[in-house]
Amino acid sequence: MPSLPVPRRIDGLGTWNYYSFRSRENVKLEELADRCGEWLRGTGPESDIVISTRIRLARNLADYPFVRKASDEEKVQIVKMLRARVATLPSWSRAVFLDVDQLDELDRQFLVERQLMSRELADGEGDRAVVFDPHERFSLMINEEDHLRLQVIHSGLDLESAWSEIDTLDSELESKVNYAFHDRFGYLTACPTNVGTGLRVSVMMHLPALVITREIEKVFRSMHKINVAVRGLYGEGSQYMGDFYQISNQVTLGRTEEVLMDTVREIVPRIIEYERRARMFLLKEGEQDLHDEVSRAFGILCTAKKISSEETLHYLSKVRLGINLGLIRSVDVATINKLFLNTQPAHIQKIRGKHLPVAERNIERAAYLQTHLTGNGQRPE
């Protein structure tokens, strides 16, 4: 069995080096900021509206109490055992293992922004960890609400291949650990709504036209009636920002994986159709007004001297809509997707290489936006 990865602090800015399980290659969190995460890569089916497809499985170990009942020593044992066993799996040979409780607040927020772990894991207590592959397509949270939270993220609307990948990863894990499973109820989880398959299918969608036409609440109400949940950018309890919405199944008990997948398969195309109709309505009824609105948003992003992350998401959303409708041609969607991520609070600090108070972040964010939107590649003075 390979020796286990050991984190080393290398400077005073919350920067860490980590070794992957087997390859021993150095991995800096800052290096992740040089590229878009999988969930914002901007490719795949229906990628003008569907940002990403995420499938998550909740699992617990039969030999330990649920996380909220586990002692500090038991949490340590869980992390140690899973680290050793995951390290032996072929699919995880180049994965990066991070002890979350050893990360500073900035590093934890950075990983939340990249959708590699949840706020619950970041803000939790005791020994806990996250493991992810270098391409950020899959990750494993250890000691969040459940002992294991396995997720796969694909760009665009890609339910079938995402399910195939997570099913394979789950089977590999199950060959190494003893899951808590009941013959009648299925996989046992800390939250009753996850009991059964432990499956959560989520599709991240960009729905600016439904917001502008004020049809979004009507869509939400119809989804709620069929037990489909709508969440914000960072999942449960998060705000709706940048016109991003996560659409997912709400309950797993008593339903098979196929039924849960079918629910999302049926509802997402309908929402895509609603959004496309709303976009066409905006073009038909007021193209000049819409063009003016997205142009003003682009102008603000290119000229602002300071700007908050919330404002940035708001204006980037309008610009992304304008690009997809052919109203803005001087910048591409890939650049906008990258800016959605790299202008978030932790990312802008990682990129600048230092901790920044809010006021300074707003100034740095404005400079970063201008560098990438004005086309000259120069940082403004």
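Farthest towards the positive end of the charge dipole of the chain, among the residues Asn178, Phe110, Gln250, is the Cα of Phe110, using unit charges on the Cβ of Lys, Arg, Asp and Glu.
Using all pairs of distinct alpha-carbon atoms, the Kirkwood hydrodynamic radius of the chain works out to 21.8 angstrom. Counting beta carbons within 10 Å around each of Ile142, Ile49 and listing the fewest first gives the order Ile49, Ile142. Only Cα pairs under 8 Å and 6+ residues apart enter the sum, and on that basis the relative contact order of the stretch 285-373 stands at 38 percent. Compared with the direct C-alpha span, the chain from Glu287 to Lys218 gains 22.5 nm at full extension, assuming 0.36 nm per residue. About its Cα centre, the stretch 285-373 has a charge dipole of approximately 620 debye under the convention of +1 per Lys or Arg Cβ and -1 per Asp or Glu Cβ, with nothing else charged.
Electrostatic bookkeeping for Lys306 treats Lys and Arg as +1 and Asp and Glu as -1; over the other residues with beta carbon under 10 Å from its beta carbon, the sum is 0. Cross-link pairs exceeding 26 Å in C-alpha to C-alpha distance, out of Lys306/Lys350; Lys225/Lys338; Lys28/Lys80; Lys305/Lys350, comprise Lys225/Lys338. For the stretch 111-208, chymotrypsin sites (Phe, Trp or Tyr not before Pro) are listed when DSSP marks them as loop and at most 16 other Cβ atoms sit within 10 Å of their Cβ; the list is Phe185. Calculation over all alpha carbon pairs of the stretch 285-373 in 10 angstrom steps from 0 returns a P(r) of 18, 51, 24, 7, 1 percent.
Take the Cβ atoms of His355 and Arg296, set R0 to 41 Å, and the FRET efficiency comes out at 0.80.
A simple spin-label model places the labels of Asn227 and Glu105 4.0 nm from each other, with each point 7 Å out along Cα-to-Cβ. Each residue of the stretch 321-338 was assigned a 3J(HN,Hα) from its phi angle through the Karplus expression (A = 6.51, B = -1.76, C = 1.60, θ = phi - 60°), giving 4, x, 5, 5, 9, x, 8, 10, 10, 7, 8, 9, 5, 4, 5, 5, 4, 5 Hz with x at Gly and Pro.
Candidates Ala297, Leu188, Leu121 compared by Cα position along the dipole of the chain: farthest toward the positive end lies Ala297, with charges placed on Cβ.
Each of Met141, Met81 was scored by other Cβ atoms within 10 Å of its Cβ. Listed from fewest to most, they are Met81, Met141. Taking the Cα centre of the stretch 123-246 as origin and assigning +1 to Lys and Arg Cβ atoms and -1 to Asp and Glu Cβ atoms, the resulting dipole is close to 600 debye. Along the axis of the charge dipole computed for the chain (Cβ charges of +1 for Lys and Arg, -1 for Asp and Glu, origin at the Cα centre), the listed residues His147, Pro90, Thr335 are led at the positive end by Thr335.
A full extension of the chain between Phe66 and Thr193 corresponds to an added length of 44.2 nm, given 0.36 nm per residue minus the alpha carbon distance. By the count of other C-beta atoms within 10 Å, a proxy for reagent exposure, Leu159, Leu82 are ordered fewest to most as Leu159, Leu82. Assuming charge only on the beta carbon of Lys and Arg (+1) and of Asp and Glu (-1), the dipole of the stretch 8-273 about its Cα centre is about 220 debye to the nearest 20.
Per residue, the convex hull around the alpha carbon atoms of the stretch 149-226 comes to 132 Å³. In this simple spin-label model, placing a label point 7 Å from the Cα along the Cα-to-Cβ direction at both Asn178 and Arg35 gives a separation of 4.0 nm.
Throughout, read-outs are computed from the coordinates displayed, never taken from laboratory work. Predicted model only: the values in this text are computed from it and were never measured. Note: ideal-geometry Cβ built from the backbone for every residue, glycine included; neighbour counts use all protein chains shown.
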